[in-house]
Amino acid sequence: MATVPEIITENIIKQLEQGVAPWRKPWSTSIPRNLISKKPYRGLNVFLLATQGYGSPYWLTFNQAKQLGAHVRQGEKSTLVSFWKFSEYARENRETNELESKTSVLLRYYRVFNVEQCDGLRALYGDDRKPVDSIAACESIADQMPNRPRIEQHSQAFYRPSADLVGMPSRSCFESPEAYYSTLFHELTHSTGHKSRLNRFEDNATDHQFGSESYSKEELIAEMGAAMLAGTAGISHATLANSASYLQSWITRLKADSRLIISAASHAQKAADHILGKTQNERSDNQ
């Protein structure tokens, strides 16, 4: 029987095999959220839901639709949503013979439907997006990042942990403002791994070697984090095209490690939260 990480990874691999990396596929709705609680989904769930092609950001379970007097149309397919389940239990300490409180953490999932897959809900939801200047929103995100690294003009885009420095070409070098900010968000996501921020980098691997396992994971974190920030600002995540070699490289990586995508998405969400300056209380639980 397949584990939850294997089920989730298989879902992502199917999208890769269809020619699109979920973290590079732009979406135009606001961040996906539950219709009942209005809480936004987080981590990998953002990509699992936002890439399904629906215009509404609202999702709910089969039973939630039923409780609202609505119903899912026959033949509609559900979308998987994952969550962490924490359980408390007691275990005897063999040395002291005393009971100790322990916590188990298990990855679980359930399935949801977009409101566009349901009948009888149209009067209960609406599009809560507000018109904003997306480029101004990008500028605000970059300017207001707490403890931001130094940013200098350079011929290439990069983040150098040893100097805590982001290098960026001039804006005029990019095909569009969206491309510039998507690249900047990518490098700023890298910078959150610095020891002065989220301390994600290994002690002896602050400059990840190209092609290494740690490099691949860090690149995936940066791609997903940039996509989350682009979605928050309301721009398309303008990155390089999904080349066959690029897609195949991720298919190979994910088949070798079913937990890679889940771990990377979790780190990407923490990175995006940090850049956006969210406090712990502002961060909703992972749905």
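The values are calculated or read from the model by the stated rules, or taken from the named source; none is laboratory data. Note that this is a predicted model, so its numbers are computed, not measured. Every residue, glycine as well, gets a Cβ built from its backbone with ideal geometry; the counts of neighbours run over all protein chains shown.
Points to keep in mind about this one:
- For segment 141-181, a tally of residues being among the β-branched types (Val, Ile, Thr) and out of contact with any Asp or Glu (no Cβ under 7 Å at 6 or more places or on another chain) returns 2.
- Unmet requirement for Ala90, which otherwise passes all of (1) surrounded by 10 or more Cβ atoms within 10 Å (Cβ to Cβ); (2) more than 30 Å from Asn34 (Cα to Cα); (3) among the hydrophobic types (A, V, I, L, M, F, W, C): (1)
- Test: residue in segment 15-26 that is assigned to a loop (DSSP other than H, G, I, E, B), modelled with pLDDT of 90 or more and aliphatic (A, V, I, L, M): no
- Test: residue in segment 94-116 that is in contact with an Asp or Glu (Cβ under 7 Å, 6 or more places away or on another chain), within 30 Å of Thr3 (Cα to Cα) and either acidic (Asp, Glu) or modelled with pLDDT under 95 (or both): yes
- Of the residues making up segment 40-59, those that are touching a residue at least 60 places away in the same chain (Cβ under 8 Å) and either in a helix (DSSP H, G or I) or more than 16 Å from Ala272 (Cβ to Cβ) (or both) are Leu44, Asn45, Val46, Phe47, Leu49, Ala50, Gln52, Tyr54, Gly55, Ser56, Pro57, Tyr58.
- Flag for Leu198 being of a type outside the set (Phe, Trp, Tyr), closer than 16 Å to Gly225 by Cβ and buried (at least 18 other Cβ atoms within 10 Å of the Cβ): no
- Here Asp285 fulfils each of the conditions (1) at pLDDT below 70; (2) loosely packed, with under 13 Cβ neighbours inside 10 Å; (3) more than 15 Å from the chain's Cα centre (by Cα) apart from (3).
- Selection within segment 1-52 - crowded, with 23+ Cβ neighbours inside 10 Å, at positive phi and in contact with an Asp or Glu (Cβ under 9 Å, 6 or more places away or on another chain): none
- Single unsatisfied condition, Thr96 versus (1) more than 19 Å from Pro32 (Cα to Cα); (2) within 25 Å of the chain's Cα centre (by Cα); (3) among the hydroxyl-bearing types (Ser, Thr, Tyr): (2)
- If only residues of segment 141-189 that are among the acidic types (Asp, Glu) and under 23 Å from His267 (Cα atoms) are counted, the one that is surrounded by the fewest Cβ atoms within 10 Å (Cβ to Cβ) is Asp143.
- Sole residue being among the aliphatic types (A, V, I, L, M), under 21 Å from Ile221 (Cα atoms) and in contact with a Lys or Arg (Cβ under 9 Å, 6 or more places away or on another chain), chosen from Ile13, Ile7: Ile13
- Unique match (being without any contact (Cβ under 8 Å) to a residue 12 or more places away in the chain and either of a type in the set (Gly, Ala, Ser) or in contact with a Ser or Thr (Cβ under 6 Å, 6 or more places away or on another chain) (or both)) among Gly75, Gly69, Gly167, Gly120: Gly75
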